[in-house]
Each structure stands twice: as structure tokens, then as C-alpha cells.
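For reference, the structure is listed below as C-alpha cells.
What follows is calculated from the coordinates using simple rules that are stated; it is not laboratory data. Treat the numbers as computed from the prediction; the structure is a model and nothing was measured. Positions of Cβ are backbone-derived with ideal geometry, glycine not excepted, and every protein chain shown enters the neighbour counts.
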Amino acid sequence: MKRVSQLTTLALSLLLGSGLVSHACAAAPDQATLAQIQQQRGAIIDTRPSAFFNGWPAPQGATSGHEPQALNLSATWLDAMSDDQLAAWARQHQLMPDTPIALYGDSEQVAAVRKRLRGIKFTHLVLLQDALRDNARLQRLAHFEQLVYPQWLFDLQHHKPVIAKPQGDWKVFEAGWGAPKRYLLSHIPGAGYIDTNEVESEPLWNTVSAPALKAMLAKHGVRHDTTVILYSRDVYAAARVAQIMLYAGVSDVRLLDGGWQTWSAADLPVERGLPSPQPPAADFGVTIPAQPQLMLNTEQARALLHRNDASLVSIRSWPEFIGTTSGYSYIKPKGDIAGARWGHAGSDSTHMEDFHNPDGTMRSAGDIESMWAGWHIRPDQQVAFYCGTGWRAAETFMYARAMGWKNIALYDGGWYEWSSDPHNPVATGPRTPDSTR
């Protein structure tokens, strides 16, 4: 046995010296390392939920983030994706059936995604052998903690240890337009309710005055140093309230990523009925607005047009942007701001599919930045988002903030205010990114 061992060792040494087995020993046939996939110009797919892809540490792991240039295709989305939709996702990410693809996640997640990809004729699918082993190379959202996920919120409510825990007092609110009809039937336990009419008003649905904001925040017991966690049935209602709170001066405002949909899908407890009375806050603690640069008026928005170092970004559907429809029953003029850059949105004025994963959570930062770069919208610019009246634009503002974009704002008046003045320049018809330079 000793002689056999010596011969085996000698043979392996010779083979390794010649380089004949170094590649084979590096990974099993159904596995590959990150370096090998990169050499093959292949793709990496993270099959975990987007919260862990974005940077939240997984419950049983110490690593944070995702592998370099990884795509996120969570196994939890598969039930909501037909084969045609999955194939469209692959084409969108320039994946061909013969593209070498390495998957990582837990075994069940990887198996589920592998099975679906094989079902649409993908043939080169392996396991990423060295996934999540080198924390130094992992990528994450600059401020992933600003997009919380259901289990984190549940654990916070039940006094369990969580990372990125609020520094002091914290409150949870559902945001919605008008009376809390759906809230009364079912809502996150302990959540208060904020009617969006408390933060914006007619005729143009712009942000209410500083005194009105101060009264609203006091009513809900919110100070500048209160951590506020917001959710809504459609994410952009919570985002609208969140962005206005930041403008007012609340320093730590977070969104439940995906809103009510993700809490419900997680099968976590709910309650019904009226919110519990909140003791009013005696003083907000800082002058409102404490961050006026986060909200632009029409003249400030106009100053961003036709600049390489700035972008005024339309978060409206393509039919709205080119003037096929105004998008709203109460907004008559069609078209969009001449010189504005198209930041994408969704199929109409009430949808934001371009920014959502199949479960309603924020699409990956890489996808969003690529989409924006196509229209010359970059993180090193001064960027202001707008839509019809502020809701969709607020959602993209909150995503850009989580992505670490520094110089961002909301053009509060949006298309509604801009189009109300016939002297403001308007463009209609299809346009290209270069036409906005």
C-alpha cells in the first residue's frame, strides 16, 4: 500500500507539473470557479432573494452581497414567471442557450432555477464552486439597509437582534391615498396609517407647506431623529411619503422593499382595525425643510436641461413620454418636457414594471444603472426625477438613494405643473437619447 501511494503521488506530481490536471482538479465537471466562468465569458446567477443579493447578510451566513457582475434570478420568483417571461429575462441580459452559466444559492434554490433554465433549452449550467467565500470581492447596494425586508422588520418588532438596527425611536406606517379601507381589513401589526393627502395637496398635488408638514409629523409622533419605516400596497405611495419626510428633515427613512406584497407573501402575522393612538411629538427638532435641495421647483428643474453634468429624468411610460397619452384623466396636455431624458417606468401611469422584480421588489442596481446609462443618466450628475405628480419619481429617488447616488432630487411639480404653463417647451413623438443632449 505504501508503494502504491508513492507511485500515485509521483504520477500526480508529474501531471500537475505538466498542467494536465490542474484545471480538472480545480472543479468537478458540474462546477466552476468564478475565474473559470469569467475566462469563458460566461454569466453568474444568484438564485437567492433580492434582499441578500442587495447586501443583507443571509440568516445562516456572514457574507454580505453578491458575486461580481452576478445577475439576480431568485428561485422565489419562478412561480410568477412563465417560460416566455423567463426567456425574455434571459434575452434582456444577453444570455443565449449555450452561454456558460454558473449558479449559486442554497441547493434547493439552485436546483429550482437550473430546472427552469433547462426547460427553456439552456445547456451549460454549473454550480459556482467558490461562491460567497471571499467577502472582499462581493458587491452590494451602497445603502441596502434603506430597503428592508419582511423578516428583518418582523424580527425588529419582536426585539430580536438585527443588523442596521435603528439608533433610537422607530415607527412603521402604511401609506395610501384617502381613507384606510384596505388597511382596516389587514395591515402589518403595529403600523400606523398616513394618508398621502397629508403630505401633498391640490391643485397640482405638490408638497404641502412647511407648517402643514410640521403638524403632520407631530401628529404621527415623528421627530427628525425617528427612524420611519414605510410600506404601501403600491410601493410608490410609501416612496412619496418617504421622500417628503427626507425633505422635511427625518434623517432615517426606509422602505419595505416590495411593500405589502412581500409581507403578505412571507405569510407573516397581520392585524385589522384602527391604528393605535400615537402620542404626538412635542417638537420636530430641526427647521423644516431641513433638506430643501431634495425638492426642486420649475425654474430649478429647467436649469438641468441640455447639460452633460445634469439630467432631468422623466419617470413616465413611453406612451406618456412621446405624447400618445397624458396618463391622467385630470391632466389634459400630452407630451413631455423638451430636453428631459427618459428614465423608464412601466406600461402606464399606474405601473412601474421597469423597476421591479417579479415579486415587486427593486430590480438590481446593475439593471437600473444600465437602463439609465442608455439615456445618458449617470450617478456623477446632478439628477432630478419627475413624473406626473411625484409618486413614481419618488420611488426611483428612493432606489437611487439606496444605490448611493449622491446629488439627487425630485422635481415636485412634474409634468402636471410644467404643462400648465403654455410657455414651457414641450416635445412630442419618439425621441432618442442623443436628442436630449
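Each Cα pair under 8 Å and six or more residues apart adds its sequence gap; the mean of these over the residue count of the chain is a relative contact order of 14 percent. The order of 334, 121, going from fewest to most other C-beta atoms within 10 Å of their C-beta, is 121, 334. Cross-link partners among lysines for residue 219, C-alpha distance below 20 Å, same-chain residues fewer than 8 apart left out? Counting by Cα, and skipping residues close in sequence, residue 219 has these lysines nearby: 171. Summarising the label geometry, the points placed 7 Å from Cα in the beta-carbon direction at residue 351 and residue 163 lie 3.6 nm from one another. For the range 143-208, the set of chymotrypsin sites (Phe, Trp or Tyr not before Pro) satisfying both a DSSP loop assignment and a count of at most 15 other C-beta atoms within 10 Å is given as 177.
When the Cα gyration tensor is reduced to axis lengths a ≥ b ≥ c, the ratio a/c is 1.5 or higher for the range 257-317, and with a/b not above b/c it is classed as oblate. Between 0 and 90 degrees, rounded to the nearest ten: what's the tilt of helix 235-248 against the longest Cα principal axis of the chain? Once rounded, one gets 70 degrees. A straight Cα-to-Cα reach below 30 Å connects residue 332 with the lysines 181, residues fewer than 8 places away in its own chain not being considered.
In this structure the amide hydrogen of residue 345, modeled in the peptide plane, comes within under 5 Å of the amide hydrogens of 354, none closer than 5 places in sequence on its chain.
Compared with the direct C-alpha span, the chain from residue 328 to residue 179 gains 51.5 nm at full extension, assuming 0.36 nm per residue. Here the Gaussian network model covers the chain, with springs between Cα atoms less than 10 Å apart; of 164, 142, 35, 35 fluctuates the most. The phi-based Karplus calculation (6.51 cos²θ - 1.76 cosθ + 1.60; θ = phi - 60°) puts the 3J(HN,Hα) values of the range 408-413 at 10, 7, 10, 7, 4, x Hz, whole numbers, x for Gly and Pro. Rounded to 0.05, the FRET efficiency of the residue 82 and residue 35 pair, given R0 = 30 Å and the Cβ-Cβ distance, is 0.30. Stokes-Einstein diffusion for the range 125-197, with the hydrodynamic radius set to the Kirkwood value over Cα pairs and evaluated at 37 °C in a medium of 0.692 mPa s, equals 208 µm²/s. Placing unit charges on the Cβ atoms only, positive for Lys and Arg and negative for Asp and Glu, gives the chain a dipole magnitude near 800 debye about its Cα centre. Proximity of backbone amide H atoms, modeled 1.01 Å from N, is registered between residue 177 and 196 at under 5 Å, excluding neighbours fewer than 5 places apart on the same chain. One compactness figure for the chain is 1.12, namely its Cα radius of gyration divided by 2.2 N^0.38 Å. Under the rule of at least 5 residues apart or a separate chain, name every residue whose amide H is placed under 5 Å from the amide H of residue 296. Here 410, 411, 412 satisfy the definition. Of all DSSP beta bridges located in the chain, what percent are antiparallel, nearest 5? So the antiparallel bridges amount to about 15 percent of the total.
Let a ≥ b ≥ c be the square roots of the eigenvalues of the Cα gyration tensor of the range 223-289; is it rounded (a/c under 1.5), or, if not, prolate (a/b larger than b/c) or oblate? It comes out oblate by the Cα gyration axes. Here is the list for the range 178-287: trypsin sites (Lys or Arg not before Pro) lying in DSSP coil, each with at most 15 other C-beta atoms within 10 angstrom of its C-beta, are 272. Per the Debye formula on identical point scatterers at the alpha carbon atoms of the range 84-220, with no solvent, log10 I(q)/I(0) at q = 0.12, 0.16, 0.21 Å⁻¹ is -0.84, -1.01, -1.27.
In terms of surrounding Cβ atoms within a 10 Å radius of their Cβ, 224, 187 rank from fewest to most as 224, 187. Mean sequence separation of contacting Cα pairs (under 8 Å, at least six apart), scaled by the length of the range 144-286, corresponds to a relative contact order of 33 percent.
Using only the C-alpha atoms, the convex hull of the range 46-85 corresponds to 70 Å³ per residue.
Arranged from fewest to most other beta-carbon atoms within 10 Å of their beta carbon, 332, 406 become 332, 406.
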